[in-house]
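The values are calculated or read from the model by the stated rules, or taken from the named source; none is laboratory data. Everything numeric in this text was worked out from a predicted model, so none of it was measured. When we count neighbours, we look across all protein chains shown, and the Cβ atoms used for this are built from the backbone with ideal geometry, even at glycine.
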Amino acid sequence: MQSIYIGRQPIIDSESNLCAYEVLYKGSDEARDRYSSASIINNVLNKFGTETLLGDRRAFIKISQKFLLHDIIFSIPSKFFIFSILPDVEMNERVVERIEQLHDRGYLLSLDGYLSSDENLAKYESVLDCIEFIKIDFQKSKNEKLKEQIVKLKSYTITIIADDVTDNTTYEEAKLFGCDWFQGYFFAEPKIIKNEKHEPSNIAVLKLYNLLMQDVNIDEITKEFENNHEITVQLLQFINSGAFHFKNKISTIHHVLMLVGRIPLGQWLMLMIYSKSVSRDGRTPLMLMVKHRTELMENISKLKDPNIRSNMLGEAYFVGVLSLIDTVFGVELETVLKQLNISEEVRDALLEDKGGLGEIFALIKDIEAFKTDSLFHFEEKYHLPSGSIEKLTMDCMKSLNKFEHLLPSC
């Protein structure tokens, strides 16, 4: 049986709200179409399930002219997908008619890989009333003409998506051009100012984390939490949200420490840093990305070594949770790590991708970048069943969707 891999890339708005995903598909046979519409949709609906892969969001699916004109397209539920029409699709009479039919039946349509030019605008003018989204290849299209075209396209109430946004500079440019949504992992890139000092709230969180990881009296830890009211309230909200199954509602940090334990509390505290520091709403792409990394770090470690010790699993977890801390704090990662009580293996994994943890961390970054060759090579190296990493990834996506719904809005 041929191995396949489904990946998803976040699409967010200007306020860092996660709006949709681009779903990508790749098989172990490189000759297969990377964006094979039928294969993606079949796997989303039948193998993985929309709840596992998408949660309550839609997926952009690239579609070819052949698939667009096939009547099977009408059998696909309209509520899960946004059909993204590839740039090589001809706007002939049959295609225009099909676009109108899909629009009338409630399907959401997008133009993919749009390049700003008078010819392109003229090509699509007859169907713009039926188009909800246009994905612009921003790196290739940023010019004065693009600004003018975005204004015109928005007059059709079309949402403009800047594709291939790789860093914060490109993101800011795309916003100035008038783009509404943005695709890429730019939000994970740190905005670092040399020699910048930590904000007091960040120092407080680091202090709390260090107290939890050391042999400090529980009363001292409780007092330190109580001196940081905002963190305490947020943590109690999460503990009582349903993520933990306690008979009675927990109202004090002392109670949390007694029931949950120091290490789990420290883990959740570090996750809450992302929620607290990035947005008033914990449901940010950065927060979810960190949660996904922590689960993959732990689960791949267990898959690689079923007899792995609990302390090594704890280190695997913290590689994931600390991997984007420089983005939150706005300082060099090495500077942050100096203030934490972590092992050399964790530090080497984060800074140099070295050691066993570093190898898994590098694999996870390749999974995010849809570099599936690394996934197959890892399975071969450790004699893992074909598709086992893919299954773990899907399980983590499902867990992440559940986790997102449990997060309190602040």
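For beta carbons closer than 8 Å, sequence separation of 6+ or different chains, a first residue in the stretch 238-250 that is in a helix (DSSP H, G or I) and a second that is modelled with pLDDT of 70 or more and among the aliphatic types (A, V, I, L, M), the qualifying pairs are Ile239/Ile250; Ile239/Val256; Ile239/Val260; Asn240/Ile250.
Annotation for the stretch 377-393: at least one member residue is of a type in the set (Val, Ile, Thr), assigned to a helix (DSSP H, G or I) and more than 22 Å from Gly184 (Cα to Cα). Only residues that are of a type outside the set (S, T, N, Q) and closer than 16 Å to Gly266 by Cα were counted in the stretch 291-325, giving 15.
Can you name the residue in the stretch 318-357 that is among the hydroxyl-bearing types (Ser, Thr, Tyr) and free of Cβ contacts under 8 Å to residues at least 40 places away in the same chain and, of all such residues, is surrounded by the most Cβ atoms within 10 Å (Cβ to Cβ)? Step through it out loud before you land on a result.
Restricting attention to the stretch 318-357, the residues satisfying the condition of being among the hydroxyl-bearing types (Ser, Thr, Tyr) are 323, 327, 335, 343.
If we keep only those that are free of Cβ contacts under 8 Å to residues at least 40 places away in the same chain too, we end up with 323, 335, 343.
On the way: Ser323: 21, Thr335: 16, Ser343: 15.
In this case the residue turns out to be Ser323.
The set of residues in the stretch 295-348 being small (Gly, Ala, Ser) and in contact with a Ser or Thr (Cβ under 8 Å, 6 or more places away or on another chain) consists of Ala316, Gly320.
Does Val336 count as aliphatic (A, V, I, L, M), in the same structural domain as Gln237 (by TED's automatic domain parsing) and either at pLDDT 90 or above or within 21 Å of Gly266 (Cα to Cα) (or both)?
In short, yes.
Among the residues of the stretch 112-133, the ones that are surrounded by fewer than 15 Cβ atoms within 10 Å (Cβ to Cβ) and within 17 Å of Gly178 (Cα to Cα) come to 2 in all.
Here Ile221 meets each of (1) closer than 29 Å to Glu22 by Cα; (2) modelled with pLDDT of 75 or more; (3) assigned to a helix (DSSP H, G or I); (4) of a type in the set (Val, Ile, Thr) with one exception, condition (1). When restricted to residues that are part of a loop (DSSP other than H, G, I, E, B) and not polar (S, T, N, Q), the stretch 158-191 contains 12.
Taking the condition in contact (Cβ under 8 Å) with a residue 60 or more places away in the chain and buried (at least 18 other Cβ atoms within 10 Å of the Cβ), does Ile136 pass? No; evaluated as a whole, the condition is false for this residue.
Restricting to the stretch 359-374, count the residues that are polar (S, T, N, Q) and touching a residue at least 24 places away in the same chain (Cβ under 8 Å). Outline the logic, then answer.
Quick first cut of the stretch 359-374, residues polar (S, T, N, Q) only: 372, 374.
Now restrict to residues that are touching a residue at least 24 places away in the same chain (Cβ under 8 Å): 372.
Result for the stretch 359-374: 1.
The single condition among (1) out of contact with any Gly (no Cβ under 8 Å at 6 or more places or on another chain); (2) within 30 Å of Leu54 (Cβ to Cβ) that Asn401 does not meet is (1). On the basis of being at pLDDT 95 or above and either out of contact with any strand residue (DSSP E or B) (no Cβ under 9 Å at 6 or more places or on another chain) or part of a loop (DSSP other than H, G, I, E, B) (or both), does Leu363 make the cut? In short, yes. Taking the numbered list (1) outside any strand (DSSP E or B); (2) modelled with pLDDT under 90 in turn, Val23 passes all entries but (1).
Pick from the stretch 266-293 the residues that are modelled with pLDDT of 80 or more and either among the aliphatic types (A, V, I, L, M) or not assigned by TED's automatic domain parsing to the domain that holds Ala204 (or both): which of them is nearest to Leu236 (Cα to Cα)?
Keep residues of the stretch 266-293 that are modelled with pLDDT of 80 or more, which gives 285-293.
From the residues that got through so far, the ones that are either among the aliphatic types (A, V, I, L, M) or not assigned by TED's automatic domain parsing to the domain that holds Ala204 (or both) too are 286-290.
Numbers: Leu286: 21, Met287: 18, Leu288: 19, Met289: 22, Val290: 20 Å.
The selected residue is Met287.
Just checking, does the stretch 380-395 include any residue being crowded, with 16+ Cβ neighbours inside 10 Å, free of Cβ contacts under 8 Å to residues at least 12 places away in the same chain, more than 24 Å from Ser310 (Cβ to Cβ) and of a type outside the set (Val, Ile, Thr)? No, the stretch 380-395 contains no residue that is crowded, with 16+ Cβ neighbours inside 10 Å, free of Cβ contacts under 8 Å to residues at least 12 places away in the same chain, more than 24 Å from Ser310 (Cβ to Cβ) and of a type outside the set (Val, Ile, Thr).
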